[in-house]
Amino acid sequence: MKDKLFEQVEALRPRLCALSDAIFDHPEPGLEETFACGLLTDFLCKEGFSVQKGLGSLSTAFRAEWVCGEGGPVFGFLCEYDALRGFGHGCGHQLQAPAAIGAALALKRCLPAEFGCRLVVYGTPAEETIGGKITLLKEGFLQDLDIALITHGGPMTCVDVRSMALASLDVIFTGKSSHSAIQPENGRSALDALLLTFQGVEFLREHVPEDTRMHYTVTQSPGPANVVPARAEGSFILRSYNSDYLRKLTARFENIVRGAALMTETQYEIVHNEGMESTVPVLSLGDLIMENARLAGAPNIQPPRLKTGSTDFGNVSYRIPGCCLRIPFVPEGSPSHSQVFLDFGKSPEAHDAVCFGAKILAGTVQDILSTPGKLEEIRREFDETRAKMSQA
């Protein structure tokens, strides 16, 4: 059946590439993807999918489902289609939905009824801005999936086996203003408290795992040099490849803030912004995806990516067994969010990436359905790995 799946993707190539090019030519920032959402949902409706347009508070999100037989697992093909404001599709998101749809359509046309399952294409907007998948999860979507799959364009064929959990915090110190020369003793410097917090983070660096990341900056100017500032604000980002460890690190950071306020006799407020979870790696799923990548003849196959940033797909794969497949369409070494991603946005390499992504995801689903115990093996590994991560 694998040959038939790949043949179906090739038959769909002109239509899938036309979808990709159309999205590329109409770049829309997060929460404004009305053209892309309409284009994709219309396509899926015509192909016999049951489509729900607008999910919860996200009007440009969608869910499209096709049912094969009775019962069975639910496979999710996730896609992003937001662009970078003022820059266009500099991250390759125009490739994701066509690849997801190509995989789902090939399976729809080839799966026998005895392979009971549901194929769900989720449109997940605003990855670059608010992390739309986080909102969808909070509002009850995506959690119906047994397996979550997504593709992303880049310089190589590989899978992501981890991503960094992220905590974003704003800290506001308030003190008492005074003239720095005439009555400095009356002042309580909010800036001193913020600087002590920065210094505390630097001392903390020695006592965290090497792959921990901590960033900070001043977000509000404290005012002229001859005035003790009564207010100072800073922004902090903490990252770890383990969500459970990050929560412990965040508690230690909050103690630094409290200590800085105590030393300076100031008050503080910590604002917790939306964060991101770490990926729970499922190596057996990644291996299966890469087996299909080799079978499909994907170019520039590389080992799994180990050095990654943060993504809202991490929040999905923290709760549901999942994997992100990277497909090349730009030269090796090309940075994301760069002009080269735009230059290759409608190239033959981009069109190949769409079709390779569709073939690999479709083949992976077919293998899971046709291999007794494979889904249970994936789920068991996910549960065991997550339990180990919680002990860190």
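The values are calculated or read from the model by the stated rules, or taken from the named source; none is laboratory data. This is a predicted model, so every value here is computed, not measured. Every residue, glycine as well, gets a Cβ built from its backbone with ideal geometry; the counts of neighbours run over all protein chains shown. Just so you know, the surface numbers come from the protein's heavy atoms only, side chains and all, with ligands and any DNA or RNA stripped out. Shrake-Rupley method; radii C 1.70, N 1.55, O 1.52, S 1.80 Å.
Quick notes on this one:
- Among residues of the stretch 219-232 that are within 18 Å of residue 260 (Cα to Cα), those with a beta-carbon under 7 Å from a residue that is open to solvent by 40 Å² or more (accessible area, probe 1.4 Å) and part of a loop (DSSP other than H, G, I, E, B) at least six positions away or on a different chain give the pairs 228/177; 228/180; 229/177; 229/222; 229/223; 230/177; 232/222.
- All conditions but one from (1) open to solvent by 20 Å² or more (accessible area, probe 1.4 Å); (2) assigned to a helix (DSSP H, G or I); (3) out of contact with any Pro (no Cβ under 9 Å at 6 or more places or on another chain); (4) touching a residue at least 24 places away in the same chain (Cβ under 8 Å) apply to residue 384; the one that does not is (4).
- Conditions (1) out of contact with any strand residue (DSSP E or B) (no Cβ under 8 Å at 6 or more places or on another chain); (2) open to solvent by less than 40 Å² (accessible area, probe 1.4 Å); (3) not acidic (Asp, Glu); number of the one not met by residue 325: (1)
- Index of the failed condition, residue 75 passing every other in (1) in contact with a strand residue (DSSP E or B) (Cβ under 9 Å, 6 or more places away or on another chain); (2) in a helix (DSSP H, G or I); (3) within 19 Å of residue 358 (Cα to Cα): (2)
- Look at the stretch 252-272: where a residue is open to solvent by 100 Å² or more (accessible area, probe 1.4 Å) and a partner is at pLDDT 95 or above and β-branched (Val, Ile, Thr), sitting 6+ places away or on another chain with Cβ atoms under 6 Å, you get 267/174.
- Boolean, residue 6 is open to solvent by 10 Å² or more (accessible area, probe 1.4 Å) and over 29 Å from residue 375 (Cα atoms): no
- Residue in the stretch 273-294 that is modelled with the lowest pLDDT, counting only those that are of a type outside the set (A, V, I, L, M), open to solvent by 10 Å² or more (accessible area, probe 1.4 Å) and touching a helix residue (DSSP H, G or I) at 6+ places or on another chain (Cβ under 7 Å): 274
- Positions within the stretch 149-206 being part of a strand (DSSP E or B), more than 18 Å from residue 253 (Cβ to Cβ), open to solvent by less than 30 Å² (accessible area, probe 1.4 Å) and in contact with a Ser or Thr (Cβ under 8 Å, 6 or more places away or on another chain), in sequence order: 149, 154, 160
- Test: residue in the stretch 365-387 that is under 15 Å from residue 158 (Cα atoms), in contact with a Gly (Cβ under 9 Å, 6 or more places away or on another chain) and at pLDDT 95 or above: no
- Residue within the stretch 70-92 that is in contact with a Lys or Arg (Cβ under 7 Å, 6 or more places away or on another chain), of a type outside the set (Phe, Trp, Tyr), touching a residue at least 40 places away in the same chain (Cβ under 8 Å) and within 22 Å of residue 55 (Cβ to Cβ) present: yes
- Every listed requirement among (1) assigned to a strand (DSSP E or B); (2) aliphatic (A, V, I, L, M); (3) under 28 Å from residue 106 (Cα atoms) is met by residue 136 save one, (1).
- Residue 61 satisfies every condition listed in (1) closer than 23 Å to residue 292 by Cβ; (2) in contact (Cβ under 8 Å) with a residue 24 or more places away in the chain except (1).
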